[in-house]
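Contents: one structure, followed by commentary.
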Amino acid sequence: MRIGAHVRNDTHPLETAERLGIDVMQMFVSDPQSWKKPDPHPQQGAIRESPIDVVVHSAYVINVASLNNRLRMPSRKAVEQQAAAAADLGAFGLVVHGGHLRAGEDLAAGIDNWRKLFTRQEDKGGFAVPILIENTAGGEGAIARQLETIARLWDAVGDQGAGFCLDTCHAWAGGEDLMGIVERVLAITGRIDLVHLNNSRDEFDSARDRHANLEDGTIDPDLLVDVAQAAGAPIILETPAEGLASDVAYLADALA
């Protein structure tokens, strides 16, 4: 099983990954709070040639589901640009949050905007890397908070090559029991391409997305290990930096 982490050093991610001793690294290709088109990474060649696998997390500002043209249209463009930048790094996917709607807006319309993201891109030959949709934690208008909504989303995009990223903190904070979560997700999507294995600082169903180190949060660490084992997918730790190395060691030992 490949164990990895989100590396926060944008200019020298390989050095961070090598120091942690991980098999796969997750990184941004642009400022996560910006719409700016990604520039070529200064370590692009070395990253492509490294034995460490790469996955890219898209910018947080992206909201493909939005009914607001001024947000949805730049979101579509950003997904295309960041997928291309991910391909330049040899990444195996681009993680994109499910997005959300404002109060009173139609869920079906938001889901249809996800469908349009893929169908419009077909005319351009598709995305440069697979798009991995990630479940999210909070907000009544969240597109991918609860499994019943993810099921509706998958009815729209599941046959268009979409992948799935399961975040344990998001599921917990979103009110989904982690016991048996892998089996329930697979029954909907048929796949889990990546796991964000994070503990939570907050209680179950809190709708708060605040990650904790594996042994420090409100989720039983043994349950997190069970999720990792059951999923059989690459693992990315997005836990606080001060305990990240310990989390890598803990998980490697638990899965040995």
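Per-residue ellipticity at 222 nm, computed for the chain from helices alone with -39500 (n - 2.57) per DSSP H run of at least four residues, works out to -11500 deg cm²/dmol.
Counting only Cβ charges, +1 for Lys and Arg and -1 for Asp and Glu, the dipole size of the stretch 150-256 around its Cα centre is about 340 debye. When only alpha carbons are used to place a centre, the stretch 1-72 and the stretch 81-132 end up 16 Å from one another.
Given +1 at the Cβ of Lys and Arg, -1 at the Cβ of Asp and Glu and no other charges, the dipole of the stretch 64-109 around its Cα centre is 160 debye to the nearest 20.
Sort out the exposed loop chymotrypsin sites (Phe, Trp or Tyr not before Pro) in the chain (DSSP loop, at most 16 other Cβ within 10 Å) and tell me the longest stretch that has none. Can you show the working numbers first?
Working: sites that count: 35, 60, 204.
The longest such stretch corresponds to 61-203.
Among 33, 160, 229, the residue with the largest mean-square fluctuation in a Gaussian network model of the chain, with springs joining Cα atoms closer than 10 Å, is 33.
Each of 4, 186, 30 was placed along the dipole of the chain (beta-carbon charges, centred on the mean Cα), and the one lying farthest toward the positive end is 30. Note on the stretch 33-72: percent of Cα-Cα distances in each 5 Å bin, starting at 0 and stopping at the bin with the largest distance, equals 5, 17, 19, 20, 13, 12, 8, 5, 1.
Taken one residue at a time, the phi angles of the stretch 44-51 give Karplus couplings (6.51, -1.76, 1.60, θ = phi - 60°) of 3, x, 5, 5, 4, 8, 6, x Hz. Gly and Pro are set to x. Projected onto its three principal axes, the C-alpha set of the chain covers 45, 41, 29 Å, listed from the longest axis down. Of 42, 221, 130, which has the largest mean-square fluctuation in a 10 Å C-alpha GNM of the chain? Fluctuation is largest for 42. In the stretch 119-256, if every C-alpha pair distance is counted and binned at 5 Å from zero, what percent goes to each bin? Over the stretch 119-256, the share of Cα pairs per 5 Å bin runs 2, 10, 20, 22, 19, 13, 8, 4, 2, 0 percent.
None of the figures in this text is laboratory data; all of them are computed from the coordinates on show. Only a predicted model underlies this, so the values are computations on that prediction, with no experimental measurement involved. When we count neighbours, we look across all protein chains shown, and the Cβ atoms used for this are built from the backbone with ideal geometry, even at glycine.
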